[in-house]
Amino acid sequence: MKPGAISRVRGMNDLLPEEARHFAEIESAAREVFEAAGYGEIRLPIVEDSRLFTRSIGEATDIVEKEMYAFEDRNGDLLALRPEATAGCVRAVIEHDLIRSGPQRLWYHGPMFRHERPQKGRHRQFHQIGVEVFGIATPDLEAELLMLSQCLWDRLGIEGLTLELNTLGTAEERVHYRAALAAYLSSHEDALGPDDRMRLARNPLRILDSKSAEIQELLANAPVLSDFLGEASREHWQRVGTLLDAAGIAYRINPRLVRGLDYYTQTVFEWTSTALGAQSAVCSGGRYDGLVEQLGGSPTSAMGWALGLERVAALLGRTDVKRPCAVLVTLGAAAEESGFALMREIRQAYPGLRVVLATGPGTLKSKLKRADRLRARWALILGDDELAKGVVQVKALDGPAQVEWVPRAAVVAHLAQVADQ
RNA sequence: GUGGACGUAGCUCAGCAGGUUAGAGUCCCGGAUUGUGGAUCCGGUUGUCGUGGGUUCAAAUCCCACCGUCCACCCCA
């Protein structure tokens, strides 16, 4: 790169064709899985009112406190680049009163923004695919959403992921537990580092998933959340397990699993991979029964999850570029004109047929070389000789070279016939 | 945000106890074969050695700062 050239902003990466192909593959697999299950796509704005996120994700969370791209626009409105899509989705559901017409099953995909220090699997602009369901309170929803994620891994051929599950109980149960946990940890405050003391004051549940061995040891005798669950939560939680077993989806219960966003209730989960280093969470989510009401809607139970496209893409094997059926090679100005006419006919008759143009300057040899690199099955050669005879030379590029001369008027039909083989 | 490692052609990397014009492979372009690909051979293009400063007769090489990437923490998808 020459000095003075402008480079991309930190953490905001270009997706070159190879990686973009992975993204497209995941997106189309997701579309297939979701649409088949009766989910509708929703497209949401990237910019929202900042308050939407402070109210939903939680003011004391890192996402809102340190990572949000918040700014004032020309009118002085406080706006933010979305750090996640659940909040916006809830906002849209309330704003259009979608719940009026019954439960809503929605899915989305798009870029999210968080001002974090970039690392592998962690970028400032990253991409998520997610689902959100509104209006279903029963545990079959947990099972449905988890099954959809499993279907997606199956569809993409991804193996070796671990599903970790936990329940946080209702908001009230969590409040009681939180108080008990805070009391226990306060009595051992001398064992906590400065970061954990901060968490103790603001969000003691976060201490549960600490990686520190000393903390985990300390937690061995701490109160456990399951003791604080009421009968209803207990039954709900058990039913989730039963349905997952019935569907043959393996999981591991992790009582230490809490999530970083404040709005979760009841079931939370995380799909992790050991192949990704520190950023091991591939897909996660949970129930958020209180959020709709909290954001100004009527009480509505809801649940969703999101996956990180960059992380899932990293688990995908190499996907090959689809090979073209043919490369249309022209030599000289007159042949180029005829070639463009032919190309138009091909596109009109068979829009999906992969035919790549090789017109313009360059030797026949270099154009055939290009056809070879693209792994095309056929070369359609059109030069002065062919023009004079009213034919197109059709050369087989697979295996030993074989040529045949097809009358110009019959080329389109010939190509279509040969493409099916 | 904290700590650490690293930064040399488009890509992968060598060169670094300071010493002439900075190298290989790959990719790309051309030729051997005037209009016929893949193999082989031959030739060619490409770099302010991340940026800026310092030390020195001399810096890709030593020192400092900044920027970036990666790793861990942190956070999370």
### Task
Please report how far the C-alpha centroid of the range A:1-59 lies from that of the range A:350-415, rounded to the nearest whole angstrom.
39
### Query
Put +1 on the Cβ of every Lys and Arg and -1 on every Asp and Glu Cβ in chain A; which of A:Leu161, A:Leu368, A:Leu218 then has its Cα farthest towards the positive end of the dipole?
A:Leu368
### Query
Hey, quick one: spin label on A:Glu217, modelled 7 Å out along Cα-Cβ, who in the range A:168-200 has an amide N within reach, i.e. under 19 Å?
A:185-197
### Task
Could you please state, rounded to a whole Å, how far the C-alpha centre of the range A:139-175 is from the C-alpha centre of the range A:202-216?
23
## Note on the structure
With +1 on the Cβ of every Lys and Arg and -1 on the Cβ of every Asp and Glu, the dipole magnitude of chain A about its Cα centre, in debye rounded to the nearest 20, is 1700
### Query
Per-residue HN-Hα couplings for the range A:181-194, Karplus 6.51 cos²θ - 1.76 cosθ + 1.60 at θ = phi - 60°, whole Hz, x for Gly and Pro?
5, 4, 5, 4, 5, 4, 6, 10, 4, 5, 8, 9, x, x
### Query
Given A:Gln150, A:Val356, A:Pro204, which one lies farthest toward the positive end of the charge dipole of chain A, if we put +1 on the Cβ of every Lys and Arg and -1 on the Cβ of every Asp and Glu?
A:Val356
### 15 Å cut-off, amide nitrogen to a point 7 angstrom out along A:Ser298 Cα→Cβ, residues in the range A:77-109
A:93-104
### Task
Using a Gaussian network model of chain A whose springs link C-alpha atoms within less than 10 Å, name the residue from A:Arg259, A:Arg323, A:Arg105 with the highest mean-square fluctuation.
A:Arg323
### Query
If you plug each phi of the range A:62-78 into the Karplus form 6.51 cos²θ - 1.76 cosθ + 1.60 with θ = phi - 60°, what whole-Hz ³J(HN,Hα) values come out, in order, with x for Gly and Pro?
4, 4, 7, 6, 10, 10, 7, 7, 10, 7, 9, 8, 5, 8, x, 6, 8
### Summary
Two pseudo-spin positions, 7 Å from Cα along C-beta at A:Asp190 and at A:Asp73, lie apart in nanometres by 5.5
### Task
For A:Lys365 and A:Asp420, compute 0.36 nm times the residue count separating them, minus their Cα-Cα distance, and round to one decimal in nm.
17.1 nm
### Query
Between A:Ser226 and A:Ala201, what is the label-to-label distance in nm when each label sits 7 Å out along the Cα-to-Cβ direction?
3.4
## Note on the structure
Expected vector for the range A:264-271, Karplus 3J(HN,Hα) from phi with 6.51, -1.76, 1.60 and θ = phi - 60°, integer Hz, x for Gly and Pro, equals 6, 9, 6, 6, 10, 8, 8, 8
### Zone residues, the range A:102-141, relative to A:Arg43, backbone N less than 18 Å from point 7 Å out along Cα-to-Cβ
A:106-112, A:127-131
### Message
Just to check, using Stokes-Einstein with a Kirkwood Rh over alpha carbon pairs, what's the diffusion coefficient of the range A:326-419 at 20 °C and 1.002 mPa s in µm²/s?
### Response
165
### Query
Rounded to the nearest 5, what is the percent of antiparallel bridges among the DSSP beta bridges in chain A?
80
### Message
Relative contact order of the range A:177-252, please, whole-number percent, based on alpha carbon pairs below 8 angstrom and at least 6 residues apart.
### Response
32
### Message
Given points 7 Å out from each Cα along the Cα-Cβ axis, report the A:His115 to A:Tyr350 separation in nanometres with one decimal.
### Response
5.4
### Message
Under 8 Å for C-alpha pairs, at least 6 residues apart: give me the relative contact order for the range A:226-285, rounded to a whole percent.
### Response
22
### Message
Give the lysines reachable from A:Lys211 as a straight Cα distance under 26 Å; neighbours fewer than 8 places away on the same chain don't count.
### Response
A:Lys66, A:Lys120
### Task
Could you pull out every residue, at least 5 positions away or on a different chain, whose amide H is within less than 5 Å of the one on A:His127? Hs are placed 1.01 Å off N in the peptide plane, and Pro or chain starts have none.
A:Met112, A:Leu309, A:Glu310
### Query
Can you give the helix-only mean residue ellipticity at 222 nm for chain A, where every DSSP H stretch with n ≥ 4 adds -39500 (n - 2.57) and the sum goes over all residues, rounded to the nearest 500 deg cm²/dmol?
-11500 deg cm²/dmol
### Query
Quick one: length gained pulling A:Ala250 to A:Met12 fully straight, 0.36 nm per residue minus the C-alpha distance?
82.1 nm
### Query
Amide H to amide H under 5 Å from A:Thr267: which residues, 5+ apart in sequence or cross-chain, H placed 1.01 Å off N in plane?
A:Leu168, A:Arg287
### Summary
When chain A is treated as a Gaussian network with springs between alpha carbons less than 10 Å apart, the largest mean-square fluctuation among A:Arg287, A:Arg347, A:Arg256 is found at A:Arg347
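Need the full-extension length gain, A:Ala179 to A:Glu27, defined as separation in residues times 0.36 nm minus the C-alpha distance. One decimal, nm.
Roughly 50.5 nm would be gained on extension.
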### Query
With springs only between Cα atoms under 10 Å, which of A:Pro45, A:Pro103, A:Pro351 fluctuates most in a Gaussian network model of chain A?
A:Pro351
### Normalised contact order of chain A, rounded percent, pairs of Cα under 8 Å and 6 or more residues apart
15
### Spatially proximal lysines relative to A:Lys367 (Cα-Cα < 29 Å; intrachain offsets below 8 disregarded)
A:Lys322, A:Lys389, A:Lys395
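Coordinate-derived values only; no laboratory data. Keep in mind that what you see is a predicted model, and the values were worked out from it rather than measured. Heads up, the Cβs are rebuilt from the backbone with ideal geometry, glycines too, and the neighbour counts pull from every protein chain shown.
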